[in-house]
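The values are calculated or read from the model by the stated rules, or taken from the named source; none is laboratory data. Note that the structure is predicted; figures quoted are calculated from it, not measured. Neighbour counts run over all protein chains shown; Cβ positions are idealised from the backbone, glycine included.
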Amino acid sequence: LGFLEAEGATLDGSMAEDMDRKFDYDQTNRIIEDELKDQLEKAVYDAKSVHLWSSQIVERVLKQLHKQNKKYKYVVTCVIMQKNGAGLHTSSTCYWAKGDGSCSSAWSNNTMHAICTVFALQI
């Protein structure tokens, strides 16, 4: 029984370490969605405000990611576009190492579309 307990402790410890090194897509997506909603939910598109809004969104997303205290470098982008019938297409591709990841979330209201993307690279 002592061997099994010791073996179980080792497995649990390494599993926790693996979880800490794994990119948490769901948590990152929640952070993005919350910040987009908090910043833009009551806003009406205004070209003069877009720069401020997008800057605040990327800063707030980055701050929330940093609070997780995980060993990642982050790149955060945000695109805000007036909803006027024009198409908006975006894509990205990456060659990842194990543990790296990315997450994009889209949000819209009656006057604008927003897309925020996070790239997370282990250090």
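Structure data summary
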item	result
Residues of the range 103-123 that turn out to be of a type outside the set (Val, Ile, Thr) and within 16 Å of the chain's Cα centre (by Cα), as a count	11
Residue in the range 75-102 that is surrounded by the most Cβ atoms within 10 Å (Cβ to Cβ), counting only those that are more than 15 Å from the chain's Cα centre (by Cα) and hydroxyl-bearing (Ser, Thr, Tyr)	Thr90
Which listed residue is surrounded by fewer than 18 Cβ atoms within 10 Å (Cβ to Cβ) and hydroxyl-bearing (Ser, Thr, Tyr), from Ser105, Ser49, Ser54	Ser49
Some residue of the range 22-30 being in contact with a Gly (Cβ under 7 Å, 6 or more places away or on another chain) and surrounded by 16 or more Cβ atoms within 10 Å (Cβ to Cβ)	yes
Unique match (being at pLDDT below 95, over 25 Å from Gly99 (Cβ atoms) and either touching a strand residue (DSSP E or B) at 6+ places or on another chain (Cβ under 6 Å) or among the small types (Gly, Ala, Ser) (or both)) among Gly13, Gly2	Gly2
Subset tally (residues that are in a helix (DSSP H, G or I) and out of contact with any Phe, Trp or Tyr (no Cβ under 7 Å at 6 or more places or on another chain)) for the range 61-82	5
Cβ-Cβ under 9 Å pairs, at least 6 apart or on other chains, the range 38-63 side under 26 Å from Leu121 (Cα atoms), far side exposed (fewer than 13 other Cβ atoms within 10 Å of the Cβ) and modelled with pLDDT of 95 or more	Trp53/Asp46; Ile57/Asp38; Arg60/Asp38
Long-range neighbours under 8 Å by Cβ, at least six apart or interchain, first residue without any contact (Cβ under 8 Å) to a residue 12 or more places away in the chain and within 20 Å of Lys37 (Cα to Cα) within the range 77-103, second in a strand (DSSP E or B) and of a type in the set (A, V, I, L, M, F, W, C)	none
